[in-house]
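The structure under discussion appears below in the form of C-alpha cells.
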Amino acid sequence: MFVIDRRICACCHNCACECPAQAIDFVGTKYQIDQEKCLQCGLCAKVCHTGACHEEGAAETIIYHDPITLDADVVVVGSGSGMVAATRAAQAGKKVIVLEKSSKSGGNTDFAHGFMTPYSKWHERLGFEDTRENMVEMTYERGGRIIEKDLIRTAIYGVSDFFDWLCDHSDIEKTFNLKDPNDSNFVGPAFAAGMAEMPFRQRDNLLCRDDAIGPGWGGTFVKYTCFETIERENLDVKLLLRTAAEHLILDDEGKICGVEARDPGGVVKINCKAVMLACGGFGRNDDLLRKYADFDFFGGETEIHRFSVPGDTGDGITMLQELGVEPNPERMTVSMFGPKHHPFNNSLADFALEAEFIQVNMNGKRWIGEMNNGIMFGYSQKISEQPKEISYAIMPYDQLKACAERFVADPRQWNKKHFYATWEEDIEHEATLDTPVKKADTLEELGVLIGADPKVFVDEIKKYNSFCEKGVDEDFGKDPRFLIPIPLDKGPYYAVYGQRFSEAAMGGVTVNNKTQVLRNDGSIIPGLYAGGDCTSAMHRKGELAPLSELTWAMAASYVAGGNMVRYIDGKEEKAGGEA
Ligand SMILES: Cc1cc2nc3c(=O)[nH]c(=O)nc-3n(C[C@H](O)[C@H](O)[C@H](O)COP(=O)(O)OP(=O)(O)OC[C@H]3O[C@@H](n4cnc5c(N)ncnc54)[C@H](O)[C@@H]3O)c2cc1C
C-alpha cells in the first residue's frame with residue numbers, strides 16, 4: 001500500500017499531479033492517498049520530491065558496514081545549490097563528493113522558481129546596460145544598510161558569472177530564444193527584468209497541472225544542468241544520497257581536513273581539503289525555530305505550513321557549534337507569508353489574491369483592505385490575529401470568470417496562461433475536497449461552510465456593497481477602483497482557503513565576500529566555505545533577503561566552487577565577479 005508520510009510531505013504537489021487515478025488530494029494540511037482509488041502503480045513514490053510517498057511496509061535493504069573512509073579533494077554538503085560548486089570544482093580537475101541527507105537530490109533549490117540575473121554576456125550581446133553597480137546600491141538600501149556591500153557585490157557579480165556558466169553548459173539560450181528581442185517568441189524580457197524563471201516542468205515526468213510549488217522551475221533547470229554536465233564531461237563527482245554530514249574535522253592547524261557523515265548502514269568518513277556547507281536552512285528544526293523565529297511559530301491554532309524540504313534541519317549551525325561558533329540571531333530569518341496558500345491549485349490561489357475579491361475571516365468579517373500581493377507578503381502578522389489564522393477569498397462565479405479570462409489574456413502571464421485556462425475544471429475539483437474551496441449556491445450557505453454565522457457574513461457583504469456604491473471603503477480604505485459589489489443572489493459562490501505558510505528559515509553560518517566561513521571573532525576556518533540558506537549573508541531578523549534567496553544561493557555556490565579550487569591549489573580566493 002502506498003502512503004504519504006505527513007511529517008515528510010513538503011506539499012510539493014507532484015504526486016497529486018501525476019497520479020493517473022486522481023487518488024491523491026490535499027486533505028487538512030497535507031496530501032493524502034485515497035486507498036479506494038489507488039491503483040498501486042507507485043508513480044507517486046517515483047515523483048515524490050522528498051521521499052514522503054512510499055510503499056508502507058516495503059522491506060528496506062540496509063547494508064550495515066564498519067566505518068568507511070573515502071578520499072576527495074572537495075566535499076559539498078547538500079545537493080541543492082551545492083551542485084553548482086561541486087560541478088565547478090570537478091571541472092577544475094578536483095575529486096568531489098556531494099553528501100545529501102535526503103533520499104532525493106535538489107533540496108529547496110528544486111522548488112524555487114527563479115534567480116535574478118542583472119547582467120551577463122547575453123545581456124551584453126543584446127545591448128542591455130550594465131546596471132550591476134546600481135543594483136548593489138539598491139540592494140544595500142533595501143537591506144536596511146545592514147547587509148555588507150561587499151557581500152551584495154559577491155551576490156550580484158557572482159550570479160552574473162554563474163548565468164554565463166549556465167548558458168555555456170545548457171541549451172538555455174536556444175530554449176528561451178535569447179537571441180533576438182524582436183522575435184515574437186522571445187521570452188528574454190523575463191530575464192532582462194532580472195528574473196530567470198524557467199518553466200521546465202516537462203522534465204522528469206513532471207507534467208504538473210499548474211504552477212504550484214514543486215520541482216520544475218529555475219532551480220530544477222540548474223540541477224539538471226549540473227547533472228548533465230557531470231555526465232557529459234565525465235567529471236569526478238560522487239553523490240551520496242541518504243548520507244548526512246554530522247561533524248567537520250579540523251587538523252592540528254585548525255584547517256578543514258575531513259567530514260564525518262552517516263549513511264543508513266553506518267559511519268562514512270571523508271578525508272578532504274575543502275568543504276562547502278550548502279546544507280540549507282532550519283525550517284524543519286522545531287528547536288531552532290522556537291529559538292530563532294521572531295514570532296511564535298507554534299503558537300497558532302492552525303499549523304503553519306512548511307514548504308522547506310525535510311533535510312533543512314540547520315545542520316550547518318550545529319556542526320559549527322561543535323567548533324565553538326555560534327550563529328548571529330540578528331542575521332537569521334524565518335519567513336512567513338499568508339493568506340495565499342498554494343499546496344493545492346496555484347491558479348486559484350493567484351486569483352484569490354486579486355483586489356476585486358474580499359477576504360473574510362472565519363467569523364465572516366473582512367479583516368484587510370485587499371490589495372493583491374500585499375495580502376501575500378505584508379499581512380502574515382494580521383492573519384495571525386484572525387480566528388484559527390484562516391482567511392477565505394469570496395468569489396462570485398461571474399467575477400471569478402472575468403478574473404480568469406483576464407489572466408489568460410494577459411501577455412505577462414506567457415508562462416502560466418495554460419494553467420489559468422483550466423480554472424473552471426480546477427475549482428470544481430477542489431470544491432469536492434475538504435479544505436481548499438467551498439462552493440455554495442447562496443451566500444448564506446457559503447457563510448455556513450466557512451464556519452461563520454450566515455447572517456453576520458451576509459450583513460458584512462451588504463456593508464461592503466454599500467462601500468462600493470459610495471466609492472469609499474470605510475473599514476479598510478481599499479482603493480475605490482477595486483470596490484466591486486458582490487451580487488446577493490447570483491451564485492454559485494466560492495470561498496478559497498488561505499492560511500499562513502513558511503517557505504524557509506535561513507541563516508546561521510557567517511561568511512565573508514569570498515564565501516569563507518567566519519568564526520565569531522571574524523577569523524576564517526581555512527578550507528571551509530558556505531552558501532545559500534545556511535548562511536547569514538543576505539538575511540536580517542524578520543526580513544526577507546533584499547535580493548532573491550536563490551540568487552545568493554547560486555552566486556555563492558558558483559563563487560565557492562572556484563574558491564575551493566584556488567585554495568587547494570594554493571592561490572588566493574576571490575570575491576564574486578570572476579569573469
Ligand atoms: C517552495 C519554495 C519556493 C521557493 N522559490 C524561490 C524563488 O522563486 N526564488 C528564490 O530566490 N528563492 C526561492 N526559494 C528559496 C530557495 O529555494 C532557497 O533559498 C535555495 O534553494 C537555497 O539553496 P540551498 O542550497 O542553500 O538549500 P537547499 O536547496 O535546501 O539544499 C540543502 C540540501 O542539503 C541537504 N542537507 C541538509 N543537511 C545535510 C547534511 N547534514 N548532510 C547532507 N545533506 C544535508 C538537504 O537535504 C537539502 O537537500 C523557494 C523555497 C521554497 C521552499
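Calculate, for residue 66 and residue 421, the FRET efficiency according to 1/(1 + (r/R0)^6) with r their C-beta to C-beta distance and R0 41 Å; round to the nearest 0.05.
Values: r = 58 Å, r/R0 = 1.41.
Computed FRET efficiency for residue 66 and residue 421: 0.10.
Using 5 Å bins from zero, what percent of all Cα-Cα pairs in region 2-55 falls into each bin? Over region 2-55, the share of Cα pairs per 5 Å bin runs 4, 26, 40, 24, 6 percent. Taking a straight line from the alpha carbon of residue 37, these lysines sit under 20 Å away, with near neighbours fewer than eight places off in the same chain left out: 46.
Can you give the FRET efficiency to the nearest 0.05 for residue 479 and residue 121, using r as the Cβ-Cβ distance and R₀ = 45 Å? Here the calculated transfer efficiency is 0.60. Taking each residue as 0.36 nm, the span from residue 234 to residue 133 lengthens on full extension beyond its C-alpha to C-alpha distance by 32.6 nm.
Normalised Debye scattering of region 1-159 at q = 0.08, 0.16 Å⁻¹ gives log10 I(q)/I(0) of -0.43, -1.02, counting only Cα atoms as equal scatterers and leaving out solvent. Dividing the convex hull volume of the alpha-carbon atoms in region 98-178 by its residue count gives 142 Å³ per residue.
Rounding to the nearest 10 and keeping the result within 0 to 90°, find how far the Cα-based axis of helix 397-409 lies from the longest principal axis of the chain. Its long axis makes an angle of about 40 degrees. The C-alpha atoms of the chain define a longest principal axis, and helix 82-91 lies at about 30 degrees to it. Structural descriptor for region 400-481: relative contact order 12 percent, calculated from alpha carbon pairs under 8 angstrom and at least 6 residues apart. Label zone (residue 55, point 7 Å along Cα-to-C-beta; backbone nitrogen cut-off 14 Å) within region 6-43: 39-43. What do you get for the angle between helix 549-568 and the principal long axis of the chain? Use alpha-carbon atoms, 0 to 90 degrees, nearest ten. Here the helix axis deviates by roughly 0 degrees.
The lysine pair count for region 346-499, using Cα distances under 19 Å and pairs eight or more places apart or on different chains, is 27.
Given the rule -39500 (n - 2.57) for each run of at least 4 DSSP H residues, summed and divided by the residues of the chain, what is its mean residue ellipticity at 222 nm, to the nearest 500 deg cm²/dmol? Working shown, then result.
Working: 20 runs with 182 residues, N = 579.
Here the helix-only value at 222 nm equals -9000 deg cm²/dmol.
Farthest toward the positive end of the dipole of region 346-499, out of 387, 452, 467, is the Cα of 467, where the dipole comes from beta carbon charges about the Cα centre. When both region 446-469 and region 389-418 are represented by their alpha-carbon centers, they are found 22 Å apart. The peptide list 418-430, 560-572, put in order of mean Cβ contacts within 10 Å with the highest first, becomes 560-572, 418-430. Peptide packing for 79-89, 534-544 was compared via the average number of neighbouring C-beta atoms within 10 Å per residue; ordered from the highest value, the list is 79-89, 534-544.
Rg ratio for region 346-499: its Cα radius of gyration over 2.2 N^0.38 Å, N being its residue count, equals 0.98.
Take the Cα of residue 40, step 7 Å toward its Cβ, do the same at residue 402, and the gap between the two points is 5.2 nm. Sort out for me the Cα centre separation of region 73-124 from region 299-360, rounded to whole Å. Region 73-124 and region 299-360 have Cα centres spaced 22 Å from each other. Counting only residues at least eight positions apart within a chain, or on another chain, the lysines with an alpha carbon under 22 Å from that of residue 94 are 223, 238, 255, 269, 273, 514, 571, 574. For the chain, the share of alpha carbon pairs falling in successive 10 Å distance bins from zero is 3, 17, 26, 26, 17, 8, 2, 0 percent.
Ranked by the mean number of other Cβ atoms within 10 Å per residue, highest first, peptides 475-482, 345-352 order as 345-352, 475-482.
Working from label points 7 Å from Cα in the Cα-to-Cβ sense, the residue 290 to residue 520 distance is 2.2 nm.
Every read-out reported here was derived from the displayed coordinates using simple, explicitly stated rules and does not represent laboratory data. Quantities reported herein were computed from a predicted structural model and do not represent experimental measurements. Glycine gets a Cβ as well: all are built from the backbone with ideal geometry, and neighbour counts include every protein chain shown.
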